[in-house]
Amino acid sequence: MADLKVDYQLLDATEKSLGTLVSEFQNIKAQEHAYDGALGSGDIAGALGSFSGNWDYHRKKLIGSMQALGKMVSETKEQFQKTDTGLTSSLTQK
């Protein structure tokens, strides 16, 4: 029977990275109009406005996916820790 080894440091790092990415993606909206004055052309501003509208939709979907993945990582880590604790307890009880 093969042993299952869980890399808790990797799960912690993944959870942290996803949290950071979610925060970054949520704060991108604040920068959306930061360069409007530098665009010059109305055509360029319109094209970028269209892009940012599409980006809003897809950014929200990405944020939702990252949050769902973060929850799965957190729950996976929690369940493995619970299993490890239970197995340790059953092996050390006399």
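Data table
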| read-out | value |
| --- | --- |
| Stretchable slack from N54 to A13, in nm (0.36 nm times residue separation minus alpha-carbon distance) | 11.7 nm |
| Length gained when the stretch S90-L21 is fully extended (0.36 nm per residue, less Cα-Cα span) | 20.9 nm |
| Pairwise centroid distance, computed over Cα atoms, of segment 12-26 with segment 76-94, Å | 28 Å |
| Phi to ³J(HN,Hα) by Karplus 6.51 cos²θ - 1.76 cosθ + 1.60 over segment 15-22, Hz, x for Gly, Pro | 4, 5, 4, 5, x, 5, 5, 4 |
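Readers should treat all values here as calculations from the given coordinates under stated rules, not as data from a laboratory. From a predicted model like this one, the values you see are computed outputs, not experimental measurements.
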